[in-house]
Amino acid sequence: MVQKGEIEENEIDISVEDFCKRLNLEVLHKGSRKFMHISTFNVNRPGLQFAGYYQHFSSERIQVIGEMETTYLKTLDDARRMRAVEELFRHDFPCLVISTVLDPAEELMICAEKYDRVVLRSPLRSTMLMNELSIFLNELLAPTETIHGVLMDLYGVGVLMIGKSSVGKSETALELIQRNHRLVADDAVSIKRVSDRLIGTSPSIIRYFMEVRGIGIIDVRQMYGAGAVKLTKVIDIVVKLETWDEEKEYDRLGNVQEYYTILDTQLPLYTIPVKPGRNLAAILEVAARNHRLKDMGYDTLTELDSRIRNAKPDER
């Protein structure tokens, strides 16, 4: 079981092959490197560096060369161009990406081989490439936490079920799948914070698998089809399932909102008591529908209060 609190470092080693595949990049020089170490989502265009200014230069950033840098290099004579390029390639940056399918200067390829640097090329223009890199790197380096739970997509609402082992999370998820809702993750939910949103998915090794006590492991996608699963989902609410405690006072009006914190982000929390005879799947559907209504500006308790205030004495 994966326990809450396993937070990963926001640095990563990614293979050159995967990096190119995700961003549709062509490899011009790979050298001996199979992996690149990425530690920042910031990207650098080394125009100032080609001009000889290296104060505040961040070599840990991915370097991007576009038409402007390429045109500047062409204005230099052969000796100055080689010095400018070689000075940059002495620094150990993750990779250099050339935009707009430009032909690289001969000196770039000479220095790439000499210093064993990764050089790639993109069909996108510089602005679009920088945007794509920024989005990808923000997602890649996003703070991540893996927790024990089940993540479902109910009517477009991301519902994260948590609770003690054997309380009924997987069985409830199975009933929801049979009601045409979609499973994202069972048992372990990997969560990333991207742009103040929490995005959940399943670890690849157990993706779309579900444990049903008494039966064993089932493959939800193979059993129910591709429409019963989803790769990722933004988490909107958290539902905590717990064994019914007769001495505990549960919320009956919905006038007190609790919150659950993941990666310093607060999500609405609903505690659902579990006991024989309760239809948990139906209750979770109601929770999802109610959340969508609130997002649209409709609050049931406010409506009820308004009716009470405006009711005639004999209607109360």
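Could you check what % of the DSSP bridge pairs in the range 53-190 are antiparallel, to the nearest 5?
Rounded to the nearest five, the antiparallel share is 70 percent.
All other residues with a Cβ under 15 Å from the Cβ of residue 129 taken together, and with Lys, Arg as +1 and Asp, Glu as -1, what is their net charge?
+1
Mind counting lysine pairs for me in the range 212-316? Cα separation below 20 Å, and the two need to be 8 or more apart along the chain or on different chains.
Total qualifying Lys-Lys pairs in the range 212-316 comes to 5.
Could you work out the local net charge near residue 77, counting Lys and Arg as +1, Asp and Glu as -1, over the other residues with Cβ closer than 15 Å to its Cβ?
Net charge around residue 77: 0.
Relative to the longest principal axis of the chain, what angle (0 to 90°, nearest 10) does the C-alpha long axis of helix 78-89 take?
The angle comes out near 30 degrees.
Counting DSSP beta bridges in the chain, what percent are antiparallel, to the nearest 5? Could you put the intermediate results ahead of the total?
On the way: 42 of 61 bridges.
Bridges in the chain that DSSP calls antiparallel: roughly 70 percent.
What is the spin-label model distance, in nm, from residue 59 to residue 196 if the labels are put 7 Å beyond Cα along the C-beta direction?
Modelled inter-label distance: 3.7 nm.
Two-decimal Rg/Rh of the chain from alpha-carbon positions, Kirkwood Rh? Don't skip to the answer; put the middle values down first.
Numbers: Rg = 26.7 Å, Rh = 23.3 Å.
With Rg and the Kirkwood Rh in hand, the quotient comes to 1.15.
If the reach is capped at under 21 angstrom between alpha carbons, list the lysines near residue 30, excluding any in the same chain fewer than eight residues apart.
Once the sequence-local lysines are set aside, what remains near residue 30 is 21, 114.
If the convex hull of the alpha-carbon atoms of the range 180-221 is projected onto planes in all directions, what is the mean projected area in square nanometres?
Mean orientational projected area (the range 180-221, Cα hull): 3.7 nm².
Net charge near residue 243: determine it from the other residues with C-beta under 15 Å of the C-beta of residue 243, scoring Lys and Arg +1 and Asp and Glu -1.
Within the 15 Å Cβ shell, the charges total +1.
On a full-extension model of 0.36 nm per residue, what is the gain between residue 231 and residue 301, subtracting their alpha-carbon distance, rounded to one decimal in nm?
21.7 nm
The numbers here are math on the coordinates, done by the rules we state, and not lab data. Treat the numbers as computed from the prediction; the structure is a model and nothing was measured. Ideal geometry is used to build each Cβ from the backbone, glycine not excepted, and the neighbour counts take in all protein chains shown.
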